[in-house]
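The values are calculated or read from the model by the stated rules, or taken from the named source; none is laboratory data. These figures come from a predicted structure and were not determined experimentally. Cβ: placed from backbone, ideal geometry, glycine included. Neighbour counts: every protein chain shown. Just so you know, the surface numbers come from the protein's heavy atoms only, side chains and all, with ligands and any DNA or RNA stripped out. Shrake-Rupley method; radii C 1.70, N 1.55, O 1.52, S 1.80 Å.
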Amino acid sequence: MLSEGKKAALCGAAAGVMNGLFGAGGGLVLTVLFRRFRLGEDKEIFATALGVMVPVSAAALAVLLPGQGAGELKTALPCCIGGLAGGLLGGLLFRRVPGVWLRRLMGGLILWGGLRLLL
Amino acid sequence: MSWLLSLAVSLGTGILSALGVGGGSLLVLWLTAFAGLSPESARLISLLYFFPTAGAALLLHRKHGLLKKRLLLPAALAGCAAALGAALLSRSLDPLLLRRSCGLLLTLLGLRELFAAPRKGDETQDEIKPPKPYN
């Protein structure tokens with residue numbers, strides 16, 4: 001029987017592979033796996049997964065960023081500003097959104113994204 | 001691609017990212033499918049966008065006592081190692097193969113999340129509980 005820490009490490013590794021290969025999606029995989037292993041309640045899982053993905057994304061970026069042109073960085077700037085504002089709003093809304101809505105919304109978005117990439 | 005449109009789209013995906021439901025993935029899809037960027041550029045921008053987005057949300061999640069410290073460290077350490085290896089590997093993989101593989105995985109995950117039966121006890125998790133002490 002795996003300890004909670006080892007389960008968390010396995011989940012984190014899967015998320016890291018996802019982010020390293022595709023640049024996104026690691027948080028979704030992590031959330032699904034945390035739930036699969038019952039490592040917490042839904043709101044805690046969503047929030048903790050976000051915390052894990054910060055250093056994981058930094059690790060992926062450390063490999064992918066060097067050698068990139070200024071064009072991508074210029075395009076990233078409005079996305080970063082919008083993301084910051086969205087992150088604050090989402091953080092304020094988080095406790096008010098029922099967990100089951102979060103799961104269904106996440107599932108729908110993942111499915112739509114997957115189908116778009118496949119087709 | 002206009003500044004204002006990028007700002008508006010990333011505001012929406014930022015909200016979803018903070019809710020933990022995959023805003024970054026949506027941003028990548030928008031950047032490739034509608035803004036016409038290459039998958040490599042979209043991937044890079046998504047990673048850059050993630051830091052201010054997550055940072056803002058995490059301040060509030062921490063304040064509300066929602067972060068589980070004992071999961072953070074092992075998951076983050078293993079995740080960083082895996083991300084480094086996978087990012088290095090991705091440089092030598094066919095982008096179309098990456099795209100299809102990602103699409104298949106996300107489709108299976110999405111189906112599972114949408115149609116999985118609720119767990120016993122899940123119905124109690126929709127209550128808004130008072131914040132727990134930060135641990």
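Yes or no: the stretch B:86-94 includes at least one residue that is open to solvent by less than 40 Å² (accessible area, probe 1.4 Å) and modelled with pLDDT of 85 or more. Please lay out each step first, then the result.
The initial filter retains those residues of the stretch B:86-94 that are open to solvent by less than 40 Å² (accessible area, probe 1.4 Å), namely B:86-87, B:90.
Retained after the next criterion (residues that are modelled with pLDDT of 85 or more): B:86-87.
Yes: the stretch B:86-94 contains one or more residues that are open to solvent by less than 40 Å² (accessible area, probe 1.4 Å) and modelled with pLDDT of 85 or more.
How do the pairs read when you match residues in the stretch B:74-100 that are within 21 Å of B:Thr32 (Cα to Cα) and in contact (Cβ under 8 Å) with a residue 60 or more places away in the chain with residues anywhere that are assigned to a helix (DSSP H, G or I) and open to solvent by 70 Å² or more (accessible area, probe 1.4 Å), using Cβ under 9 Å and keeping only pairs 6 or more apart or on different chains?
B:Arg99/B:Pro39
Only one of B:Ala8, B:Ala18, B:Ala42 is among the small types (Gly, Ala, Ser), open to solvent by 30 Å² or more (accessible area, probe 1.4 Å) and not in a loop (DSSP other than H, G, I, E, B). Can you tell me which?
Numbers: B:Ala18 fails: open to solvent by 30 Å² or more (accessible area, probe 1.4 Å); B:Ala42 fails: open to solvent by 30 Å² or more (accessible area, probe 1.4 Å).
Going through B:Ala8, B:Ala18, B:Ala42 in turn, just one is among the small types (Gly, Ala, Ser), open to solvent by 30 Å² or more (accessible area, probe 1.4 Å) and not in a loop (DSSP other than H, G, I, E, B): B:Ala8.
Here are some conditions: (1) farther than 20 Å from B:Lys68 by Cβ; (2) more than 17 Å from the chain's Cα centre (by Cα). A:Val97 meets all but one. Which one does it not meet?
Of the numbered conditions (1) farther than 20 Å from B:Lys68 by Cβ; (2) more than 17 Å from the chain's Cα centre (by Cα), the odd one out for A:Val97 is (1).
Per-residue answers, yes or no, for (1) closer than 21 Å to B:Gly12 by Cβ; (2) facing another protein chain (nearest Cβ under 7 Å); (3) more than 12 Å from the chain's Cα centre (by Cα); (4) free of Cβ contacts under 8 Å to residues at least 24 places away in the same chain:
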site: A:Thr48; (1), (2), (3), (4): no, yes, no, yes
site: A:Ala58; (1), (2), (3), (4): no, no, yes, yes
site: A:Gly87; (1), (2), (3), (4): yes, yes, yes, yes
site: A:Gly108; (1), (2), (3), (4): yes, yes, yes, yes
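Looking for something closer than 15 Å to A:Ala60 by Cβ and more than 7 Å from chain A (Cβ to nearest Cβ) - is there at least one such residue anywhere in the stretch B:62-74?
So the first thing to find is which residues in the stretch B:62-74 are closer than 15 Å to A:Ala60 by Cβ, and the list is none.
No, the stretch B:62-74 has no match at all.
Exactly one of (1) part of a helix (DSSP H, G or I); (2) closer than 18 Å to B:Gly23 by Cβ is unmet by A:Ala24. Its number?
Of the numbered conditions (1) part of a helix (DSSP H, G or I); (2) closer than 18 Å to B:Gly23 by Cβ, the odd one out for A:Ala24 is (1).
Return the pair list, or none, for Cβ contacts closer than 7 Å from residues in the stretch A:20-34 that are in contact (Cβ under 8 Å) with a residue 40 or more places away in the chain to residues that are of a type in the set (D, E, K, R) and part of a helix (DSSP H, G or I), at least 6 apart or on different chains.
Cβ pairs passing all conditions: A:Gly23/B:Arg43.
Is there a residue in the stretch A:8-20 that is part of a loop (DSSP other than H, G, I, E, B), facing chain B (nearest Cβ under 7 Å) and not basic (Lys, Arg)?
In the first step, residues of the stretch A:8-20 are kept if they are part of a loop (DSSP other than H, G, I, E, B); the result is none.
No: zero hits.
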